[in-house]
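Colleague: Encoded as structure tokens, here's the structure I'll be asking about.
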């Protein structure tokens, strides 16, 4: 290399000497020409040997070459391109500027024969120096600038060759590559002027695709122009969402036109704008027709090893990612935005013997650019906008070889990178589309037309069919991984209860095999598919049979869905060094595995094959066959824990295998990797919650089942205690384990030995003093749960100690801590209320009571999640006030402040949970009759009743109205209503009348409950009224008598028998009063009106 450098340095010095000025004679030009020949003869593709400083001086000297020196310009451009692209020479901005200006002078000279080489060199200069482009972008991309005007050419000049051998077509290609290089990366901030400039460039490129049909579409080598144009559109679309929305139809038409370019059996057509539609549109007949000849076969799995390169991951993104809830985040590899990657030889199909590998390589780059353009649309367009374009990429009928659909790229494209890009785009289109696909269904369509819902259902079935076909034929591990991820996204948005599930066994058959694949990435992706399938709400028979869950063991609720975290959804595809054939990549004999599963399912315990594989992945041998279990890879163990969490709500499926599950979780809690220990703790928390819910639902009637559950806790507790006490454990692990301890449930806790009770309480009490506030909050939350257990509720010392631990946490700076602490304090107040019902029970100290009331009042103006629990506590505490409290001035200020905070939460804000908890709290405080009798100096009834009346009439949430009406029914005596009775009565009647007026149809499901509660409150008011009040009741009733009567009859005829007594007794009560002698005529008349309205049901209903 030193010889190369010495010679290069010598030639450069001589060239600089001869090229130091513009005036050159014939001999000087000849010598410069020879020197350039010598400099171009070096093998620049070898490792770098050129010094940047020397190269930059040489490049600077090129600006002295006159624009009339055609030969020297061409050779100088070739040398400059070699230095930039092969030796990676970086040009500083002070050199970049004059060199670019010199190239532009050459380009704009009267000698067009050098245009091709100048543009190619300009592309290299622009591509490798993006940091210098800002000041030149506007002039170069101007509508009449040097580049944009060279994107088009005359048909008559198309094949004419210039001096440098470039045709007009190649000049346009080079100009397009320059335009592409000038478009900035996604992370560059642009002014509004530059954004408008790029938008205009994008519109011009779109115009070229749709108008320059004869200029490049039928060219012999159109790849560079089209590919560069597609990449330029990708960059512009990714950077400007508004521009993309305005041109989405044109963009989809271009991408769809070229995404199958060059594949056999596909007739290439010019782009056609996709028109938005709400109905499924069939493909043009020309693209569906087979015009004879050999029919291309579907791509088969390859049996040869292939080299693959890892795809990069770009961090650039201007589009915001939605929450995705819940559930899965789909990554998009921005490296796909650039089609200029190095393709290995294995990417070329051996069946295309008539084409050169170079041409196939260019075609695959073009297809990848087209698919990536569609991927940009998927990533940046809102689902509600793209919904009208589904038909263009996902047909509702089965795919043919010529169908222009994304999934046809997956099935037919020989290049794995194109298949991956198509799958990623499909995943992004599907992600978050659940609300738009909810109306899909499969049923027999009318003969005259195709309903949109059925077309949508057929489209979903077609996608499943294509993915299943791809799953059965794919051999590339990265592509196979992406198929599984795409399938997982599709499962989450599919309305299984509305469509025929016959496709489920088809793909589960392959998933069941892939779970035993050697590659951990495939195992994780396959387990993830099962995780999503198990998590389907309203599970169908087909799904339950495929999973191995008998219908009798399906969950009835979905309480634990919020505890499930999606693992692996955002994993970057990391291809392995070698690509393996699926059929030979399973661990052990697949037939042996499946046979063992079958034997296991036929046994009396009927363990699901999914549960069996999960336990084996976690190191627990299952089944009768002797096998040596090897420790699964860490990602596989994590995903297995996730699947186990999804199985937890189906507790009937797990209860017969709790012993094996306990062993697996104990091993995971002792794992050397912290992440696995954390997921094991979360899984344990989920199982504990499901177990407690199951025992509550069953009322712990089966002593054998209860004994199994108690044994599970007794075995797992030592490991849990050890991890909570461990000084080096992750705080997040301790938080999850404390949450698990809170899920022990009353049935299990009361049957544990007393020594275990002491051990658990001591453990959590110690954790409540942990340095980490999150751990402290979870510990006191668990203790607050225990405070409601009968064996601990009466222990005043325990309740007080727990309350003392909670108070400082309510002032913590972390919202998560305050939320848990406020919930725990609500539980403590519930325990105090439960104790006060018993006359002989002890009361907490006044000092502690006062501090709880103060801190809860402060929390009532905190975040909504804190306030919803704080108002519950305030209601309980106000119910506990006694006469001594109400006499003391300090306490008077406290309870007035507390009542004001309840009213404030009821009147302000939009959080429904805060409001209905405030209604419940006000109902609680009104159970304390001392507040009505001993607090006469503070007219709190006026503000409280006014707030409740406003809620039951005007609040949009019917559940809030229900709680408001229930609170008004708490008042036990007529005198407690005071002068507000008439207003309360009229408001209840108005609320009942307005309950039929639905503004939000989502409230329809709560309408009957609202009407029932208002009727119960009306009945309560009638029963506590005095004789003189009935006249006021009649006056309020008369304007809406018929409406109220009809609603009352409808409610009383449909009310459940256990809730009917107050309504049935109302009519009897009114008739009984009517029988009393010496009633004033006005009162008697009022009672008759009331009795005619609030009648008992007719006999026909009984």
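Please treat every number below as a calculation from the coordinates, not as lab data. Just so we're clear, the structure is a prediction, and the values are computed from it rather than from any experiment. With ideal geometry, Cβ positions are generated from the backbone for all residues, glycine too; neighbour counts draw on all protein chains shown.
Colleague: Calculate, in nm to one decimal, what residue 357 and residue 1024 gain on full extension: separation in residues at 0.36 nm each, minus their alpha carbon distance. Don't skip to the answer; put the middle values down first.
Modeller: Numbers: separation 667, 0.36 × 667 = 240.12 nm, distance 9.35 nm.
230.8 nm is the gain from fully extending residue 357 to residue 1024.
Colleague: Please work out the FRET efficiency for the pair residue 997 and residue 938, using the Cβ-Cβ distance as r and a Förster radius of 30 Å; give the result to the nearest 0.05.
Modeller: Values: r = 36 Å, r/R0 = 1.22.
FRET efficiency, residue 997 to residue 938: 0.25.
Colleague: Estimate the FRET efficiency between residue 847 and residue 758 by the formula 1/(1 + (r/R0)^6), using the beta-carbon distance for r and 30 Å for R0, to the nearest 0.05.
Modeller: Numbers: r = 27 Å, r/R0 = 0.91.
Taking R0 as 30 Å, the efficiency between residue 847 and residue 758 is 0.65.
Colleague: Relative contact order of the stretch 758-807: what whole-number percent is it, with Cα pairs under 8 angstrom and at least 6 residues apart? Write out the running numbers ahead of the final one.
Modeller: Working: 36 pairs, mean separation 14.6, N = 50.
It rounds to 29 percent for the stretch 758-807.
Colleague: On to the next question. Taking 8 Å as the Cα distance limit and 6 or more residues as the minimum spacing, I'd like the relative contact order of the stretch 772-908 as a percentage. Don't skip to the end; give the middle numbers.
Modeller: Working: 153 pairs, mean separation 31.4, N = 137.
In percent, rounded to a whole number, it is 23.
Colleague: May I ask you to order 1076-1082, 742-748, 629-635 by the average number of other C-beta atoms within 10 Å around their residues, highest value first?
Modeller: Numbers: 1076-1082: 9.4, 742-748: 20.0, 629-635: 14.9.
With the highest mean Cβ count within 10 Å placed first, the list reads 742-748, 629-635, 1076-1082.
Colleague: Just to be sure I understand the model, the point goes 7 Å from the Cα along the line to the Cβ. What's the resulting residue 696 to residue 656 distance in nm?
Modeller: It is 2.7 nm.
Colleague: Can you work out the FRET efficiency for the pair residue 864 and residue 57, with r the C-beta to C-beta distance and R0 = 51 Å, to the nearest 0.05?
Modeller: The computed FRET efficiency comes out at 0.15.
Colleague: Next up: Using alpha-carbon positions, what is the distance between the centroids of the stretch 716-794 and the stretch 801-817, in Å?
Modeller: 16
Colleague: A further question on this structure: In nm, to one decimal, how far is the residue 811 label point from the residue 86 one, both placed 7 Å along Cα→Cβ?
Modeller: That separation, rounded to one decimal, is 7.5 nm.
Colleague: Now a separate question. In whole Å, what is the distance between the alpha-carbon centres of the stretch 1037-1069 and the stretch 2-71?
Modeller: 102
Colleague: What is the packing order of peptides 991-997, 183-189, 677-683, taking the mean over residues of other C-beta atoms within 10 Å and listing the highest first? Please list the in-between numbers first.
Modeller: Details: 991-997: 17.1, 183-189: 14.1, 677-683: 25.1.
Put in order of decreasing packing, that is 677-683, 991-997, 183-189.
Colleague: What order, most packed first, do the peptides 534-542, 233-241 have when packing is the mean number of other Cβ atoms within 10 Å of each residue? Kindly include the intermediate steps, with their values, before the conclusion.
Modeller: Details: 534-542: 17.1, 233-241: 23.3.
Result, highest mean first: 233-241, 534-542.
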